[in-house]
Amino acid sequence: MVELVISGNYAQSYAAKLARVQVVSAYPITPQTAIVEKIAEFVASGVLPAEYIKVESEHSALQACISASALGARTYTATSSQGLLLMHELLHWAAGARTPVVMGVVNRAVAPPWSIWTDHTDTIAQRDTGWIQFYGESNQEVLDTTLMAFRLAEHPEVRLPAMVTEDAFYLSHTVEPVDIPSQEEVDAFLPPRERSSTIQVGVGMRLGSFTGPEHYMEFRHKIARAMGRARDVFLEVEDDYARLTGRNHGGLLPTYKVEDADTVLVTMGTATTTARGVVDAMRADGHKVGLAKLRTFRPFPVQELRELATLVDRVGVLDRSFTFGAAGAAFTEVAGALYTAPQRPLLRDFVAGLGGRDITAATVREAFLDLLTRDGPESAWVELKSRTEAS
Amino acid sequence: MIEIRFHGRGGQGAVIASELLAQAAFLEGKHPQSFPFFGVERRGAPVTAFTRIDDAPIQIRTSITSPDIVVVLDAGLMRTINVTAGLKPEGLLLVNSEKAPDQVETPFKGRVATIDATNIALAHGLGSKAMPIVNTAVLGGLARASGIVSLDSVRKAVERFVPAKQQANVLAVEDAYQHVVNLAVVR
Amino acid sequence: MTSYEMEEDLPEAPIATTPSDVNHTASWRTFRPVIDLKICTKCNVCWKFCPDDAVAFDGEGYPVIRLDYCKGCAICAEECRPKAITMVKEE
């Protein structure tokens with residue numbers, strides 16, 4: 001184990017190397033490029049004996065990974081924003097073909113207007129595809145979660161692709177200390193992939209198959225079951241990882257000071273760190289506030305949210321995306337999870353930080369104070385520059 | 001927690017300077033966080049980079065708007081950019097310049113220090129007259145003027161992480177450490 | 001140039017009223033392509049590969065680099081089949 005001061009992008013690269021990925025195919029896009037450049041360096045220098053397939057687009061990159069994965073290779077790719085959107089058709093393919101591809105995604109706003117700054121819309125827009133989704137808060141968490149993602153994705157009762165996200169610039173280009181496990185430690189945690197569930201070379205097989213109404217639903221239900229299993233399997237995987245490294249990032253919905261809180265903010269990504277600092281400051285002022293981080297968006301932590309609902313009176317969701325016609329994506333899913341819960345706290349949505357607008361400590365504090373003092377509006381865009389919209 | 005903002009031009013090494021500072025702080029057992037201004041980068045264009053240093057894990061992930069220290073790698077930038085925007089009144093402005101601190105044109109009324117990093121860099125063969133690579137010299141000056149990291153940590157960070165000319169860069173650091181001018185001029 | 005403060009000041013769609021060629025990106029480059037017309041075969045590959053539309057043509061069909069826009073990526077030099085293009089350091 002060695003501690004290095006590295007960027008979120010390099011955290012992904014090191015994880016892919018330590019996971020001994022066998023096939024990488026990727027296309028560069030700001031702000032992801034350094035991830036795959038570093039992996040290319042590892043491959044070129046012989047440190048990582050993987051096949052690096054150069055392609056002309058993200059669509060082809062994911063296709064290459066799906067094919068290789070279907071044949072039993074451990075595969076990795078990375079992208080962001082427009083690149084992820086270009087891959088969209090194949091995200092459905094990877095999940096439907098039950099290929100455990102692992103992908104790093106740097107969360108970046110979608111065009112138009114063109115923006116290179118952070119925003120969760122790109123990966124939120126993929127929540128229906130059957131991929132496991134993790135949202136990263138720190139470079140350490142990104143590295144650890146990527147390693148765990150391989151094991152989770154490849155688990156025989158899961159067999160679903162997984163993405164690990166990191167906020168553009170706030171993690172991708174930010175250097176901070178990261179503990180990098182040794183190859184021996186990772187090998188003990190992540191053995192080579194089992195070949196039993198794949199297409200076999202030399203045997204005539206076909207992946208995809210045209211299926212009529214009599215069986216299509218059942219194929220898709222298998223994915224639903226797998227995603228359901230992913231919940232508990234992930235907790236087991238993280239327990240294992242914690243035994244090895246001493247680090248447990250808190251499962252699907254890590255919480256902070258919620259036990260005696262009456263008001264909680266649900267956050268995703270790097271805004272969580274800032275919000276944690278605000279929780280401490282507000283507690284010093286006597287407010288009983290806490291924090292819950294939506295670490296896995298898929299599978300969605302329904303159970304954990306219902307448990308949280310029994311502890312608190314008011315829940316605010318800090319969304320870094322918005323589903324037009326509804327509300328912030330995290331809010332709508334939290335609301336869905338809590339609708340049939342035995343206890344339902346007041347629930348409000350705070351849409352902030354789109355297109356890289358900074359979510360400052362002041363912003364988070366304002367959201368908390370608003371949540372503490374007002375029951376509505378149900379969904380509001382924070383600090384919107386508008387003469388008409390009430391925030 | 002200390003927040004430092006670096007101003008330079010693309011190619012001068014402002015981003016590397018902010019990262020080297022993070023590495024130096026890390027060697028001292030501190031918690032660093034460093035990142036560039038998140039804009040489109042290109043040679044010659046103004047570049048801003050940031051470093052946070054704290055004794056405890058850093059509980060914030062946002063831009064730095066009220067730095068404690070501002071470091072200017074290219075004094076020419078001060079004509080077009082308000083480099084001291086948000087700089088705390090009790091903070092420090094360090095400028096790469098041949099001038100004495102009281103000759104530096106700035107609205108900032110706090111502590112100013114100068115270091116002739118350009119000539120030090122050139123004396124050690126770092127970069128060219130048109131594009132001197134001043135970042136390591138500037139870091140040496142910063143260590144002395146601010147005391148936020150030791151000379152030894154900066155030396156080690158430079159040795160380990162500078163991609164080329166490690167020895168020349170270390171000498172530039174040491175040289176600059178000795179030649180920072182007027183650490184406590186308050187205007 | 002219009003200054004936009006509020007949502008109400010912005011146009012409904014993100015459409016700019018000036019085309020992007022007002023951005024002279026020449027300052028981006030460190031190296032400039034120089035074409036040796038004696039070797040050039042007028043195959044147009046440099047024009048075809050230039051990512052930036054920074055190659056124009058003179059009256060005789062020879063390529064001319066649009067130096068206001070050329071960022072010095074050197075793809076033209078790389079792709080030129082007769083090797084008629086050399087990259088020369090600026091300044």
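Give a quick list of GluC sites (Glu not before Pro) in the stretch A:175-268 that DSSP marks as loop, anything other than H, G, I, E or B, with at most 15 other Cβ atoms within 10 Å.
Working: sites: A:Glu184, A:Glu185, A:Glu194, A:Glu214, A:Glu218, A:Glu236, A:Glu238, A:Glu259; in loops: A:Glu194, A:Glu214, A:Glu259.
Those that pass, being in a loop and sparsely packed, are A:Glu194, A:Glu214, A:Glu259.
Among B:Ser18, A:Ser45, a tally of other beta-carbon atoms within 10 Å of each Cβ gives an order, fewest to most, of A:Ser45, B:Ser18. What lysines sit close enough to A:Lys288 to cross-link, taking a C-alpha to C-alpha distance under 16 Å and skipping anything fewer than 8 places away on the same chain? Partners found: A:Lys257. In plain terms, the bigger the Kirkwood radius, the slower the diffusion; for the stretch A:2-245, with that radius from Cα pairs, at 4 °C and 1.567 mPa s, Stokes-Einstein puts D at 72 µm²/s.
Excluding same-chain neighbours fewer than eight residues apart, the lysines reachable from B:Lys129 by a Cα-Cα span under 29 Å are B:Lys99, B:Lys156, B:Lys165, C:Lys71, C:Lys89.
What's the FRET efficiency of A:Ser386 with A:Ala326 using the Cβ-Cβ distance as r and R₀ = 22 Å, to the nearest 0.05?
0.65
Relative contact order of the stretch C:33-91, taken over Cα pairs closer than 8 Å and 6 or more residues apart, is 45 percent. How high is the relative contact order of the stretch A:36-117, in percent, counting Cα pairs under 8 Å that sit 6 or more residues apart? With pairs under 8 Å counted, the relative contact order is 27 percent. Only beta bridges with both residues in chain B are counted; by DSSP, about 60 percent of them are antiparallel. Bridges between two residues of the stretch A:2-245, per DSSP, are antiparallel at a rate of about 20%.
Loop-located GluC sites (Glu not before Pro) in the stretch C:1-69 (DSSP state other than H, G, I, E, B) with a sparse environment of at most 13 neighbouring Cβ atoms within 10 Å: C:Glu5, C:Glu12, C:Glu60. Remark: relative contact order (chain A) = 16 percent; criterion is Cα-Cα distance under 8 angstrom and separation of 6 or more residues. When the square roots of the Cα gyration tensor eigenvalues are ordered a ≥ b ≥ c, the ratio a/c for the stretch C:33-91 is under 1.5, which makes its shape rounded. Here the protein assembly as shown is treated as a sphere whose radius is the Kirkwood value from Cα pairs; by Stokes-Einstein at 20 °C and 1.002 mPa s it diffuses with a coefficient of 79 µm²/s.
Please report A:Trp117, A:Trp131 as a ranked list, fewest other C-beta atoms within 10 angstrom at the top and most at the bottom.
A:Trp117, A:Trp131
Under 1.5 on a/c is rounded, so check that first for the stretch A:47-97, then, if it is not, pick prolate when a/b is larger than b/c and oblate when it is not; a ≥ b ≥ c are the square roots of the alpha carbon gyration tensor eigenvalues.
Values: a/c = 2.18, a/b = 1.27, b/c = 1.72.
Oblate, because a/c is 1.5 or more while a/b does not exceed b/c.
The chymotrypsin sites (Phe, Trp or Tyr not before Pro) of the stretch A:305-387 that meet both conditions, a loop assignment by DSSP and at most 10 other Cβ atoms within 10 Å of the site Cβ, are A:Phe324.
Taking the inverse of the mean reciprocal distance over all distinct Cα pairs, the Kirkwood hydrodynamic radius of the stretch A:255-381 comes to 14.3 Å.
Restricting to the protein assembly as shown, compute how many DSSP beta bridges are antiparallel as a %, nearest 5. Intermediate values should be presented prior to the final figure.
Values: 37 of 89 bridges.
Taking every DSSP beta bridge within the protein assembly as shown, about 40 percent pair in antiparallel fashion.
In terms of other Cβ atoms within 10 Å, A:Trp114, C:Trp47 run from fewest to most in the order A:Trp114, C:Trp47. Which of rounded, prolate or oblate describes the stretch B:2-186 when judged by the alpha-carbon gyration tensor and an a/c cut-off of 1.5? Rounded is the answer for the stretch B:2-186, as its axis ratio a/c remains below 1.5. In this structure, the amide hydrogen of B:Ala113, modeled 1.01 Å from its nitrogen in the peptide plane, lies closer than 5 angstrom to those of B:Leu93, B:Leu94, B:Val95, counting only residues at least 5 positions away or on a different chain. Just report the Cα centroid separation between the stretch A:152-181 and the stretch A:15-68, whole Å. The two parts, judged by their Cα centres, are 15 Å apart.
Where a number appears in this text, it was derived from the coordinates with a stated rule and is not lab data. The structure presented is a predicted model; accordingly, all values stated were derived computationally and were not measured. Glycine also receives a Cβ, built like all others from the backbone with ideal geometry; neighbour counts cover every protein chain displayed.
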